[in-house]
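Following: one structure in structure tokens, then a few remarks.
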Amino acid sequence: MSEEPLSLLAVEPHPDDESIGMGGTLARYSAEGVRTTLVTATRGEVGEILDKDLDPKEAAPRLATIREGELRNALKILGVNELVFLGYEDSGMAG
């Protein structure tokens, strides 16, 4: 009987939470050959613009695209195999 390869599913509300909260875990298991999938609830379109090279007024309308690009770059570095967006509006859910 062959063993199924291990899989890891991580879920986060916003892009950048993968690096801040679980980056080490994702990188470790990816490096060990575990198939890793990240599910992100939002695209982070309401987040702060902290990059000093960006003009906040110019960047705000395209922040979701910027955050998605940053997330995809981070996942390449971490070795994550798959990314799934749930499509929820950032800060659009009652707490």
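Values in this text are rule-based calculations from the coordinates and carry no lab data. This structure is a prediction, so every number in the text was calculated from the model and none was measured. Here the Cβ positions follow ideal geometry from the backbone for every residue, glycine too, while neighbour counts run over all protein chains shown.
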Structure-derived Cα Rg over 2.2 N^0.38 Å - corresponding label in (i) 1.05; (ii) 3.38; (iii) 1.21: (iii)
Set of region 33-53 residues, backbone N closer than 18 Å to the point 7 Å along the Cα-Cβ line of I20: 39-52
